[in-house]
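Below you'll find the structure, written out as structure tokens, and then a few comments.
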Amino acid sequence: MRVSWLFRHATLTVRFAYQRVVRGWDDSALWSLDYHLTKTLGAQLVLMADTTPSYPPDRTYEQWTSDLRHYGQALAAYAASDSLEYDRVYPPAREALEWVTENLGALWT
């Protein structure tokens, strides 16, 4: 029984690695898409705040990087939370996704 579990685990590990290389995400992301999206997008926004030399013309560099960091951290907090914290982390995460929607065209470096 243990050998079959190890074989199945190894098979899934290889399959998921292949999927990440080919399409950028694997099937396990669909098991909890809210977690996957908030974890990856939150980390990306924070990294963008730390590394971007660019900002939209209607804001200062400081405003832009502050917003990127703030909304990235809100998404990361949602991803790191458990169900008991849902009422606390959901509203800021939703606001962050709305901010991303409003600023989608400006998310470049």
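Quick notes on this structure:
- Each residue in region 8-62 was checked for being surrounded by 14 or more Cβ atoms within 10 Å (Cβ to Cβ), aromatic (Phe, Trp, Tyr) and within 24 Å of Arg94 (Cα to Cα), and 3 of them qualify.
- Scanning region 11-31 for residues being among the hydrophobic types (A, V, I, L, M, F, W, C), under 20 Å from Ala79 (Cα atoms) and assigned to a helix (DSSP H, G or I) gives a total of 3.
- Enumeration of residues in region 68-87 that are among the aromatic types (Phe, Trp, Tyr) and crowded, with 19+ Cβ neighbours inside 10 Å: Tyr71, Tyr78
- The condition of being assigned to a helix (DSSP H, G or I) and at pLDDT below 95 holds for only one of Leu37, Leu47, Leu6, Leu41, that being Leu6.
- Look at (1) under 13 Å from the mean Cα position of the chain (by Cα); (2) over 26 Å from Thr109 (Cα atoms) and you find that Val46 fails only one, number (2).
- Here Val22, Val14 are screened, and the one residue that is more than 18 Å from the chain's Cα centre (by Cα) and either among the polar types (S, T, N, Q) or modelled with pLDDT of 95 or more (or both) is Val22.
- When Thr65 is tested against the conditions (1) closer than 15 Å to Ala106 by Cα; (2) surrounded by fewer than 17 Cβ atoms within 10 Å (Cβ to Cβ); (3) among the polar types (S, T, N, Q); (4) in contact (Cβ under 8 Å) with a residue 12 or more places away in the chain, the lone failure is (2).
- Some residue of region 53-73 being among the basic types (Lys, Arg) and either over 18 Å from the mean Cα position of the chain (by Cα) or over 16 Å from Tyr35 (Cβ atoms) (or both): yes
The values are calculated or read from the model by the stated rules, or taken from the named source; none is laboratory data. Just so it is clear, the structure is predicted and the values come from calculations on it, not from any experiment. Methodologically, a virtual Cβ is constructed for each residue, glycine included, from the backbone with ideal geometry; neighbour enumeration extends over all protein chains shown.
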